[in-house]
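Here the structure comes first, spelled out in structure tokens, and everything after it is commentary.
The values are calculated or read from the model by the stated rules, or taken from the named source; none is laboratory data. These numbers come from a predicted model, not from an experiment. Backbone-built Cβ (ideal geometry, glycine too); neighbour counts: all protein chains shown.
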């Protein structure tokens with residue numbers, strides 16, 4: 001099993017966050033307190049994940065991206081996959097295996113690495129559906145000013161590909177992709193599904209958009225459901241922290257920029 005492509009510099013920063021045994025114990029203790037996810041279950045799900053063929057399948061697609069995608073976008077940012085690091089993915093997978101969601105929603109797909117982690121867990125659960133909203137940037141395409149939020153960087157999908165193209169066919173039967181801005185598509189989706197068990201933000205990382213998504217989804221999140229956010233910035237953007245404070249909820253950090261709360 002080749003883990004090299006998934007081991008980006010971000011992975012090492014995440015590992016630094018939990019590599020000290022005392023910190024790892026604290027994280028696992030918080031997972032148990034918040035979700036009753038025990039250390040033995042984390043190990044079981046981690047082993048289950050690593051023994052699957054999914055990492056090799058993802059690596060093959062990421063290698064294809066690396067070989068075929070070069071250059072920068074209009075803002076000068078190097079094109080990249082936007083892939084979730086492996087350690088984050090294992091915790092995400094473990095949480096999904098534990099909470100057994102019937103209806104899950106995420107914003108932000110790009111090439112589909114984190115979405116694959118979620119769908120693999122649903123397949124193992126033999127239940128549940130994931131709705132994903134995405135507004136992808138396609139490599140080499142020109143977009144009018146303001147099409148993407150001003151803070152967007154280089155995450156993009158290759159030409160002639162669609163959002164989530166990395167996701168294996170055998171995992172797609174529990175997935176529905178919705179293209180467009182979350183500000184437009186999320187209210188429509190939530191009106192349709194009525195109640196959700198899980199939400200994850202990984203789309204437009206502006207304060208206003210994050211707050212909008214948290215506020216919208218929290219209203220239909222069941223009691224005991226999970227609200228998660230990637231790319232939280234403790235100094236630059238405190239939308240998640242501010243939202244948790246307003247709701248009186250504790251935050252569980254899975255890494256420097258990935259965290260969740262339980263309703």
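Could you tell me whether residue 221 is over 21 Å from residue 82 (Cβ atoms), surrounded by 20 or more Cβ atoms within 10 Å (Cβ to Cβ) and out of contact with any helix residue (DSSP H, G or I) (no Cβ under 7 Å at 6 or more places or on another chain)? Here the answer is yes, as residue 221 does meet what is asked. Using the structure shown, decide if residue 76 is in a loop (DSSP other than H, G, I, E, B), over 20 Å from the mean Cα position of the chain (by Cα) and on the phi > 0 side of the Ramachandran plot. Yes: the conditions hold for residue 76.
When the range 229-261 is filtered for residues that are modelled with pLDDT of 95 or more, over 20 Å from residue 31 (Cβ atoms) and in contact with a helix residue (DSSP H, G or I) (Cβ under 6 Å, 6 or more places away or on another chain), the ones remaining, listed by number, are 239, 243. Among all residues of the range 184-195, there is none that is free of Cβ contacts under 8 Å to residues at least 40 places away in the same chain, touching a helix residue (DSSP H, G or I) at 6+ places or on another chain (Cβ under 9 Å) and buried (at least 16 other Cβ atoms within 10 Å of the Cβ). Within the range 116-145, residues that are on the phi < 0 side of the Ramachandran plot and in contact (Cβ under 8 Å) with a residue 60 or more places away in the chain sit with their Cβ atoms under 6 Å from residues that are exposed (fewer than 15 other Cβ atoms within 10 Å of the Cβ) and part of a strand (DSSP E or B), at 6+ positions apart or across chains, in these pairs: 131/176. What are the residues in the range 96-134 that are buried (at least 23 other Cβ atoms within 10 Å of the Cβ) and in a loop (DSSP other than H, G, I, E, B), if any? Those that are buried (at least 23 other Cβ atoms within 10 Å of the Cβ) and in a loop (DSSP other than H, G, I, E, B): 101, 108, 109, 110, 111, 112.
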